[in-house]
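The structure appears right after this line, and notes come after that.
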Amino acid sequence: MSCVFTTFSFSEIVSLCNQEKISIIQLIYILEGYQLRDYLKTVWTAMKNAVERGLRAKGILPGELKLTRKAKYLYEKRCYNESADVAMNRVIAAYAYAVSEENAAENVVVTAPTCGSCGVLPSILYYMEKDRGFPVEEILDALAVAGLVGNVIRTNASISGAECGCQAEIGSACSMAAAAVAQLYGLSIDQIEYAAEIAMEHNLGLTCDPVNGLVQIPCIERNAVAAMRALSAVNLSRFLYATRKISFDDVVATMYRTGLDLNEKYRETAHGGLAQIYMEHEKNEQTD
Ligand code: SF4
């Protein structure tokens, strides 16, 4: 999809909104046209389908790791006396596993912003629609805001694990999800920005080290953790946005510089980190 936001920083978007006295969502539809809704509906349907397929699926994922799918188990595994908080985190994680496992199984997913990080945004939005009852019209607006945040990152930095490590994939997905939830909660543009900023800031330096080069370990679990982190970012931004010192543009620029500084072992080559340790263990087992 072409997007007019490809030339904007987030501060320029805030200035435009303030200048025109409009909300971020109004700005998106003014600049993109209301036909964007049709595209968002298609995207949302594909995202929901991926969650639901992933929750039904059982068995082993393709590849040498022979990982068992966990989404269905996680979704159904209620603890005795489970608190509301534990249930919420378990269910959101299950949705994120569902989509990420669908990606690992080479089924249809929506890049958000990439395949490796495709579980974060749908899991949170699916939870908000299905479990919290937010209407689909509001989910589509939240999706539009997530898209805007993803575009700002893609334009001013990178969403590529091969270029900037996992911070560019999962960090970006976490920012998109946090901004989407902040929009859904009706928070201000400053709170939306701060939620996205927190979500990226605490993924800075995150390396890309997929074991055996498969988008499975650490990727699937990482999607679930990022989804839960996105919610925490929104909760902090709601209260603390007026005290912040770092802008979203600052953290995006930092992510990009950090990514370019990362040794290539940590940029999707599967030569460092968990991938390297796992390989060493395998070699040792073979020689024992
Ligand atoms: S570890 Fe690498 S492959 Fe896996 S999600 Fe992160 S960036 Fe993508």
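The values are calculated or read from the model by the stated rules, or taken from the named source; none is laboratory data. Please read all numbers here as calculations on a predicted model, not as lab measurements. Note that we place each Cβ from the backbone using ideal geometry, even for glycine, and neighbour counts take in every protein chain shown. Accessible surface areas use protein heavy atoms only, side chains included; no ligands, DNA or RNA. Shrake-Rupley method; radii C 1.70, N 1.55, O 1.52, S 1.80 Å.
Length gain on complete extension for the stretch Leu31 to Thr45, per 0.36 nm per residue less the alpha carbon to alpha carbon distance?
Values: separation 14, 0.36 × 14 = 5.04 nm, distance 2.35 nm.
Once the chain is fully extended between Leu31 and Thr45, it gains 2.7 nm.
Determine, from the Cβ-Cβ distance of Asn18 and Phe239 and an R0 of 22 Å, the FRET efficiency 1/(1 + (r/R0)^6), rounded to the nearest 0.05.
Values: r = 22 Å, r/R0 = 1.00.
So the FRET efficiency works out to roughly 0.50.
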Heavy atoms only, probe 1.4 Å: what % of the accessible area of segment 12-146 goes to carbon and sulfur, would you let me know?
53 percent
Using a Gaussian network for the chain with springs between C-alpha atoms less than 10 Å apart, which of these wobbles most: Leu55, Leu148, Leu27?
Leu27
Given that compact globular proteins tend to follow 2.2 N^0.38 Å, what is the ratio of the alpha-carbon Rg of the chain to that value?
0.99
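Could you give the size of the charge dipole of segment 121-256 about its Cα centre, using +1 on the Cβ of each K and R and -1 on the Cβ of each D and E, expressed in debye and rounded to the nearest 20? Working shown, then result.
Numbers: 8 positive and 15 negative charges, 44 e Å.
About 220 debye.
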Nearest-0.05 FRET efficiency for Ser11 and Ala162, computed from C-beta distance (R0 25 Å):
0.35
Taking the Cα-to-Cβ direction at Ser232 and at Asp250 and moving 7 Å from each Cα, how far apart do the two end points lie in nm?
2.1 nm
Okay, helix-only estimate at 222 nm for the chain: each DSSP H run of n ≥ 4 adds -39500 (n - 2.57), divide by all residues, round to 500 deg cm²/dmol; what do you get?
-19500 deg cm²/dmol
Residues in segment 52-85 that a label on Asp131 would reach, taking backbone N under 18 Å of a point 7 Å out along Cα→Cβ:
52-57, 70-85
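Would you mind checking Lys48/Lys265; Lys41/Lys130; Lys72/Lys283; Lys41/Lys70 for any pair whose Cα atoms are more than 26 angstrom apart? Please report the intermediate quantities before stating the final value.
On the way: Lys48/Lys265 34 Å; Lys41/Lys130 16 Å; Lys72/Lys283 33 Å; Lys41/Lys70 28 Å.
Long pairs (Cα-Cα over 26 Å): Lys48/Lys265; Lys72/Lys283; Lys41/Lys70.
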Relative contact order (%) - the chain, alpha-carbon pairs under 8 angstrom, separation at least six:
19 percent
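With +1 assigned to the C-beta of every Lys and Arg and -1 to the C-beta of every Asp and Glu, and no other charges, what is the dipole magnitude of the chain about the Cα centre in debye, to the nearest 20?
Details: 26 positive and 34 negative charges, 143 e Å.
Magnitude of the dipole: close to 680 debye.
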Which Cα, out of Ala182, Tyr194, Ile153, lies furthest along the positive dipole direction of the chain (beta carbon charges, K/R +1, D/E -1)?
Ala182
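Tell me the per residue accessible area of the chain using a 1.4 Å probe; a whole number in Å² is fine.
Numbers: 13300 Å² over 288 residues.
For the chain, the per-residue accessible area is 46 Å².
Pulled fully out, how much extra length does the chain show between Asp261 and Ala84, if you take 0.36 nm times their separation in residues and subtract their Cα-Cα distance? All intermediate terms of the calculation are to be shown ahead of the outcome.
Numbers: separation 177, 0.36 × 177 = 63.72 nm, distance 4.16 nm.
So the extension gain works out to 59.6 nm.
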